[in-house]
Each structure stands twice: as structure tokens, then as C-alpha cells.
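Only the coordinates and a few stated rules stand behind these numbers; no lab work does. What you see is a predicted model; the values in this text were computed from it and never measured. A quick note on method: Cβ atoms are made from the backbone with ideal geometry, for glycine too, and the neighbour counts reach across all protein chains shown.
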Amino acid sequence: MVNAQEYIEGNFPKNVKIISAISSQLEGHLDLSEYSNLTSVDIGCNFRLTSLQLAQSTGITFISIYETGIDNFSFLAYTPNIHAICLPRPGDIIGDHTGNVYLSKALRESCQENYKLQTNLKKSNRQIQTQLDQEIKKISDNNQRIKELEQENQELQSQNKDQQNQINELSNIALPNSPYNLTKLKQEIIRLKVQELAPKVRNESTKVVKLIEEAKNKASNFSSIVDLILETQKQIVQNSETSQRDIFFGKMEAYRSILESVLSKEELQTLLNKQTEFLELEKHLKSLQL
């Protein structure tokens, strides 16, 4: 027996129009898809030849696979102009040789229709597979997001637990003989904070008053400007409206230019900074006492 592919490629160039290899003891699969110029293929009486593949061609008009093992005729889908076919079983000749042109046409069209159906089915399967892959990816992405959210939730729960433990510890420190009560704990913290801030506010107030007196004494005839610049700065600290603050800043610059003739920039800035610190402390203390 001879390998069919090796025999044909060794004896027939790719540009031939006729291949005749009757009783050549061929076996296996024969692929003639690169023989695009064929008009006739006769490979009968090769009992171990199992399958055949042809190039899509309008030139092939005759095929003989008489007494071969070929039982799949899908290759006919590529030969729209076939006139005669010798089938593997002895006596089965379809086409011009017996006048059965209709049978030849029916067989060819049946193979062609089967090929179309298979092609459409493959295309449909690819589309379905693509859609399925997309849905699977969406599900996978959603599952991943769910895992991420679960992880975030666990982290938040852990943080909340830690914060609650810290609050409990703080409650035990502030209210050692009382069960945990958020309202009481808040009140106790405020009370302690007020106790801490009240003396600081008094101390800062004393410092600010002293600095103001020193600035007024040094400013002499411009002592009233010291009051004006401090009052304007107080309004800036207490007022959050942008339009008003712009007006106050303009006044500040005017007062500053006057006072810099009798006070150094450092002295004036120290006074303003100290009053700002005092006002912020005082504001904080008042908010706790509400």
C-alpha cells in the first residue's frame, strides 16, 4: 500500500488538470485542495482510500471514487459543475454517463446545502459561544466584585469593632464605675475638655490684652487703628462669607499700611496671630458649652 498523499504529490504537479490514479494501491486521506486547476479526478479501485478533499472549483466535471473506502461526499459541495460521479459501490454511476443528470444535480445540491448548514451552524455556534463567554465574564466580574465588597465589609466590621473597643476603654477610663453609655461618655469628655480649655482661654486672653496695650502705647496717635485692625480680623475669623471676607481683607491691608509706620511687621503680625489663636480657642470653648 502507498500513502495516497505522498503518491499524488510525487506524481502529479499542482497545476495539472487531470489526476488518474486507478488501482494504485492508495490508502488513507487524500487532500487535493491545492490542485485548483483540476477538471477530472479518477482514483477508483483503491480500496483503502478513506476520504477525499477538493479545492473549491468550477472546473471539475468528473470524479470517480469507484471501489474505494470513501463514504463521505461532502467534497461535492466544492464542485458546483460536476457532471458525472462514479460512487464507491460497483454500478453506482450518477451523471451524464447514464443520463441521470438530475440525480447528479440533486446529490451535488444536497451536499452544498449540507455544507451551508454546517457553515451557518458553526457561525451560530461561534456567536453563541462569544455571547456565553461574555456572560461568563460578567458573572465572573460580578462574583469578583461581590468578594471585594465582602472583604471591604469584613474590614469595616473589624474597624468598627476596634473603634467600639476603644470607646469602651475610654468609657472605662472616664466613667470607671458606670456601664457604657454614649451620651454620658460624651458629656464627660466635654466636661473634661472644658476644664482643659477654660484656663488656656483665660491665659491667652491675658497675653492678648497685654500685647494690645503694648501696641497701643507704641502706636500712640494711631491706637484707635489697632482696635480697628483687631476688630476687622475678628470679623474675618467669625465670618465665612467670601464676599464679606474680601471686604474685611481690604480693610486689613489699609490698617496694616498705617500701623507699619509705627510698629514693625513682626510686632504687628505677632499681635494678629496671637489674637487669632485666642479667638479659635474661645470659639472652641463656646461650642462645647452650648
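Against the main long axis of the alpha-carbon atoms of the chain, helix 182-219 sits at an angle near 60°. Net charge of the neighbourhood of residue 211, taken over other residues with C-beta under 14 Å away and scored Lys/Arg +1, Asp/Glu -1, is -2.
Once Rg and the Kirkwood radius are both taken over the C-alpha atoms of the chain, their ratio Rg/Rh works out to 1.70. Within straight-line reach of residue 251, meaning a Cα separation under 17 Å, sit the following aspartates and glutamates at least 8 residues removed in sequence or on another chain: 227, 231, 241, 260.
Across region 188-290, counting alpha-carbon atoms alone, Rg and Dmax equal 15.3, 50 Å.
Quote the relative contact order of the chain in percent (integer), defining contacts as alpha-carbon pairs under 8 Å separated by 6+ residues.
With pairs under 8 Å counted, the relative contact order is 9 percent.
Could you tell me which of rounded, prolate or oblate describes region 175-241, using a ≥ b ≥ c as the square roots of the eigenvalues of the alpha-carbon gyration tensor, with rounded for a/c under 1.5 and, failing that, prolate when a/b is larger than b/c and oblate otherwise? Taking the square roots of the gyration eigenvalues as a ≥ b ≥ c, region 175-241 is oblate.
Against the main long axis of the alpha-carbon atoms of the chain, helix 101-174 sits at an angle near 20°. Within the shell defined by Cβ-Cβ distances under 11 Å, the residues around residue 248 carry a net charge of -1, with Lys and Arg each +1 and Asp and Glu each -1. To the nearest Å, what is the center-to-center distance of region 230-272 and region 155-200, using C-alpha atoms only? Going from one Cα centre to the other spans 40 Å. For region 185-290, applying the loop criterion from DSSP together with a ceiling of 13 other beta carbons within 10 Å to the GluC sites (Glu not before Pro) yields 241, 260. The angle between the Cα long axis of helix 223-238 and the main principal axis of the chain comes to about 30°, on a 0 to 90 degree scale. Here's the list of lysines a cross-link from residue 283 could span, going by alpha-carbon distance under 22 Å and ignoring same-chain residues fewer than 8 apart: 186, 193, 200, 207, 210, 234, 274. A simple count of charges around residue 280, restricted to other residues whose Cβ falls under 12 Å of its Cβ and scoring Lys, Arg +1 and Asp, Glu -1, yields +2. Note on region 128-203: Rg/Rh from C-alpha atoms, Kirkwood Rh, equals 1.47. Under 5 Å from the amide H of residue 28 lie the amide H atoms of 49, 50, each residue being 5 or more positions distant or on a separate chain, with H modelled from the backbone and absent for Pro and chain starts. Per residue of the chain, the DSSP helices (runs of n ≥ 4 H) give a summed -39500 (n - 2.57) that works out to -22500 deg cm²/dmol at 222 nm. Residues of region 181-200 with the amide nitrogen closer than 20 Å to a label point 7 Å from the Cα of residue 167, along Cα-to-Cβ, please. Under 20 Å, as judged by backbone N against the label point of residue 167, lie 181-193 of region 181-200.
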